């Protein structure tokens with residue numbers, strides 16, 4: 001669900017229910033922040049980048065990990 005979808009659905013609710021949802025969401029964010037479980041977008045990108053780098057060598061050297069990509073590329077070329 002996208003941010004736009006969420007806001008659109010929230011707009012359908014009465015104001016008191018929307019306020020309750022916002023308060024609950026804010027409470028959850030504060031708890032996650034206090035527990036050190038709230039990542040910034042930059043931290044999330046960094047973790048994903050590290051994970052991708054860790055798997056890069058495996059995908060470059062293990063043909064079993066990429067065996068099906070040949071089928072996908074051939075099908076794409078035929079239909080593209």
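Read-outs throughout are calculated quantities, based only on the coordinates presented, and are distinct from any laboratory measurement. On a predicted model such as this, the values are computed, not experimentally measured, just so you know. FYI the Cβ positions are ideal-geometry reconstructions off the backbone, even for glycines, and counts take in every protein chain you see.
The helix-only estimate of mean residue ellipticity at 222 nm for the chain, built from DSSP H runs of length n ≥ 4 each weighted as -39500 (n - 2.57), is -25500 deg cm²/dmol after division by the residue total. Largest first, the extents of the alpha carbon coordinates of the chain on the three principal axes equal 56, 36, 17 Å.
Here each label is just a point 7 Å from Cα along the line to Cβ, and for residue 69 and residue 53 those points are 2.0 nm apart.
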